[in-house]
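Engineer: Please find one structure pasted underneath; my questions will follow.
Derivation of every value follows stated rules applied to the coordinates shown; laboratory data play no part. Everything numeric in this text was worked out from a predicted model, so none of it was measured. When we count neighbours, we look across all protein chains shown, and the Cβ atoms used for this are built from the backbone with ideal geometry, even at glycine.
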């Protein structure tokens with residue numbers, strides 16, 4: 001049952017020598033063995049390597065070496081993040097047999113911290129989706145209700161944490177792919193400010209939006225993982241060093257802070273009961289002494305459309321590298337020339353959603369359409385950012401639902417791409433504006449979790465985490 | 001509505017093979033999505049500078065030093081076909 005612990009609790013247990021990292025890791029692996037077949041949270045599991053690393057951690061502890069908070073802690077990693085020598089598929093057939101030739105920067109950092117990797121988690125192909133149904137390796141099920149989706153695209157990571165297969169996980173968030181599955185699975189998911197965490201070794205989907213972040217059992221653990229993986233990296237020119245002001249956190253009080261409620265986020269189409277849980281959360285902040293203020297982000301209505309131009313445009317460019325020549329699936333049948341290799345490998349290697357987005361992006365960027373679509377969307381992105389800049393002059397953070405609904409049924413939206421896209425309506429603005437945002441559980445609707453989203457100003461990641469932490473502790 | 005000809009044209013630009021059924025399906029789905037994003041045309045963007053880098057970084061420079069990647073063989077091993085340390089491809093014509 002050690003697998004049910006939080007990272008912080010497990011760390012305490014390890015230094016108090018109440019149990020070993022080997023026992024902790026074995027408990028995770030036995031839970032995976034028992035339930036992963038049904039949930040399908042993992043694409044690959046590496047028990048031998050995990051156990052070996054656990055023994056190494058125990059040896060250190062036995063020798064009395066002072067250990068960091070992640071030493072000997074078993075984690076799960078989304079399968080679009082490279083671990084050297086380990087199969088990394090991004091949920092795609094085109095990378096079914098791809099062995100990562102190097103470590104992502106976040107992996108290097110976690111390895112240095114002594115963390116243990118149990119395996120790679122399932123995801124929508126190349127992180128494109130909101131339900132983890134777009135995986136070549138089959139859908140992941142929500143551990144709380146096996147007929148429902150875990151959300152996506154980091155659905156495998158969210159399900160693995162919710163099912164206690166691991167103590168924490170990494171995911172990636174381009175339009176909500178950490179926060180929405182965290183909300184659906186009843187856990188915590190944090191998307192840092194764009195650039196706070198290096199994207200080196202993360203398979204690129206939409207580079208101006210992609211960000212790696214933690215999925216965990218509570219806010220404290222999200223903070224632990226975030227602090228371990230963040231930082232400027234020479235290998236990612238968009239990465240930045242966040243000036244961490246942890247000392248503020250210890251003295252931080254919700255009392256007196258201003259919380260904005262963006263009126264555009266409480267709209268028709270939102271599940272009534274989800275809205276009720278949100279209202280209760282707002283009430284709780286009021287009781288904690290926060291001042292609640294109604295605010296407006298006038299361009300919110302255009303965020304989804306703006307995202308569905310910018311993201312596919314970047315996708316079409318980033319996924320051009322999968323050509324059947326350098327690595328990955330390469331079609332062998334009915335091939336005459338080089339063009340056939342491209343056409344057939346990409347036809348057979350990519351799933352529907354990847355091909356839809358590649359075509360959408362190619363169209364938006366093509367001659368004659370570039371100005372009307374891509375350039376227009378980039379200007380609207382500027383307006384969306386401006387909305388936030390103005391609002392954050394007045395308030396410390398914003399509160400909104402993470403998703404308009406609770407987890408939906410498997411198959412419910414898969415045939416209607418536009419309906420699926422609407423699942424991300426409350427999360428994409430934070431990506432477009434590069435803001436830190438966290439999702440944490442705020443109640444149950446029909447026994448399934450609803451998520452509260454706290455959005456902060458750029459670079460105020462610590463403040464967002466501190467506010468979330470106080471909310472969580474005051475349950 | 002995107003015509004089959006336009007779908008074929010985009011697919012060719014994107015180097016994506018599609019069968020006949022897929023051309024129809026994608027044509028229909030992409031048309032719906034394009035109808036949805038059409039609303040962006042309504043937004044007034046006069047004098048607005050487009051944004052590409054959201055945290056405002058510009059010209060991040062570094063020292064231009066060559067660093068030898070040690071995993072050259074690993075990279076070549078991932079390729080479907082190689083010859084004597086080179087990627088091998090099909091004839092262009």
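Engineer: With just the Cα atoms defining each centre, how far is the stretch A:378-441 from the stretch A:26-40? Give it in Å.
Structural biologist: The two parts, judged by their Cα centres, are 32 Å apart.
Engineer: When only Cα pairs under 8 Å and 6 or more residues apart are kept, what is the percent relative contact order across chain A? Can you show the working numbers first?
Structural biologist: Details: 1103 pairs, mean separation 80.1, N = 475.
The normalised contact order for chain A reaches 17 percent.
Engineer: If packing is taken as the average count of other Cβ atoms within 10 Å, what order do A:135-141, B:62-68 fall into, highest mean first? It would help to have the intermediate numbers written out before the result.
Structural biologist: Working: A:135-141: 22.6, B:62-68: 5.4.
With the highest mean Cβ count within 10 Å placed first, the list reads A:135-141, B:62-68.
Engineer: Tell me the label-point distance for the pair residue A:251, residue B:72, using the 7 Å Cα-to-Cβ offset, in nm and rounded to one decimal.
Structural biologist: 5.7 nm
Engineer: Fewest first, what order do B:18, A:170, B:34 take by the number of other Cβ atoms within 10 Å? Before the final figure, lay out each step's value.
Structural biologist: Numbers: B:18 22, A:170 29, B:34 18.
Ascending Cβ contact count within 10 Å gives the list B:34, B:18, A:170.
Engineer: Moving on to the next point. Counting only other chains, and only Cβ atoms inside 10 Å, what mean value do you get across the residues of A:98-105?
Structural biologist: Values: counts 1, 3, 2, 10, 5, 0, 0, 0.
Per-residue shielding by partner chains comes out at 3.
Engineer: Now for a separate question. Can you tell me the convex hull volume per residue for the stretch A:46-196, based on C-alpha atoms, in Å³ to the nearest whole number? Walk me through the numbers on the way to the answer.
Structural biologist: Details: hull volume 17.0 nm³, N = 151.
Hull volume over Cα atoms, normalised by residue count, gives 112 Å³.
Engineer: According to a simple spin-label model (label point 7 Å from Cα along Cα-to-Cβ), what is the distance in nm between residue B:13 and residue A:296?
Structural biologist: Rounded to a tenth, the inter-label distance reads 3.8 nm.
Engineer: Given an 8 Å cut-off on Cα distances and at least 6 residues of separation, report the relative contact order of chain B as a percent.
Structural biologist: Numbers: 27 pairs, mean separation 17.1, N = 93.
Relative contact order for chain B comes out at 18 percent.
Engineer: Pick from B:69, B:36, B:26: which is most flexible by mean-square fluctuation in a GNM of chain B where alpha carbon atoms under 10 Å apart are linked?
Structural biologist: Among B:69, B:36, B:26, the largest GNM mean-square fluctuation belongs to B:69.
Engineer: Using just the helices of chain B, give the 222 nm mean residue ellipticity in deg cm²/dmol: DSSP H runs with n ≥ 4 each add -39,500 (n - 2.57), and the total is spread over all residues, rounded to 500.
Structural biologist: Numbers: 3 runs with 34 residues, N = 93.
Taking each H run of at least 4 residues, the total per residue is -11000 deg cm²/dmol.
Engineer: Right, another one. Starting with the fewest neighbours, write out B:55, A:300, A:193 ranked by other beta-carbon atoms found within 10 Å of each beta-carbon.
Structural biologist: Going from sparsest to densest Cβ surroundings: B:55, A:300, A:193.
Engineer: Next question. Provide the packing ranking of A:118-127, A:399-408, i.e. peptides ordered by the mean count of other C-beta atoms within 10 Å per residue, highest first. Working shown, then result.
Structural biologist: Values: A:118-127: 30.5, A:399-408: 24.2.
Top of the packing list down: A:118-127, A:399-408.
Engineer: Continuing with this model, one more query. Among A:103-113, A:415-425, A:151-161, how do they line up by average Cβ neighbours within 10 Å per residue, starting with the highest?
Structural biologist: Values: A:103-113: 21.0, A:415-425: 18.3, A:151-161: 36.2.
Result, highest mean first: A:151-161, A:103-113, A:415-425.
Engineer: If you bin every alpha carbon distance in the stretch A:304-372 into 5 Å steps from zero, what whole percent lands in each bin?
Structural biologist: 3, 18, 23, 21, 16, 11, 6, 2, 0
Engineer: A further question on this structure: Take the alpha carbon atoms of the stretch A:197-219, find their center, do the same for the stretch A:97-155, and report the distance between the two centers in whole angstrom.
Structural biologist: One Cα centre to the other: 12 Å.
Engineer: Quick check: from the Cα gyration tensor, does chain B come out rounded (a/c under 1.5), prolate or oblate?
Structural biologist: Oblate.
Engineer: Assuming a ≥ b ≥ c are the square roots of the Cα gyration tensor eigenvalues, decide whether the protein assembly as shown counts as rounded (a/c under 1.5), prolate (otherwise, with a/b larger than b/c) or oblate. Don't skip to the end; give the middle numbers.
Structural biologist: On the way: a/c = 1.56, a/b = 1.11, b/c = 1.41.
Because a/c hits 1.5 or more and a/b fails to exceed b/c, the protein assembly as shown counts as oblate.
Engineer: Mean residue ellipticity at 222 nm from the helices of chain A, using -39,500 (n - 2.57) per DSSP H segment of n ≥ 4 over the full residue count, to the nearest 500 deg cm²/dmol?
Structural biologist: On the way: 16 runs with 181 residues, N = 475.
So the helix-based figure for chain A works out to -11500 deg cm²/dmol.
Engineer: Give me the inter-chain shielding for B:26-37: mean count of other chain Cβ atoms within 10 Å, whole number please.
Structural biologist: Details: counts 5, 1, 0, 8, 6, 0, 3, 12, 7, 1, 7, 13.
Average neighbour count from other chains, rounded to a whole number: 5.
Engineer: Let me make sure I get this right: for the stretch A:15-124, a, b and c are the square roots of the gyration tensor eigenvalues over alpha carbons, sorted descending. Under 1.5 in a/c it's rounded, otherwise prolate if a/b > b/c, else oblate. Which is it? Display every interim value, and only then the final one.
Structural biologist: Working: a/c = 2.74, a/b = 1.54, b/c = 1.77.
In terms of gyration-tensor shape, oblate.
Engineer: P(r) for the stretch B:1-43, please, calculated from all Cα pair distances in 10 Å bins and given in %.
Structural biologist: 28, 48, 20, 4
Engineer: I've got another one for you. Partner chain Cβ atoms within 10 Å, averaged over the residues of A:337-349 - can you pull that number for me?
Structural biologist: 4
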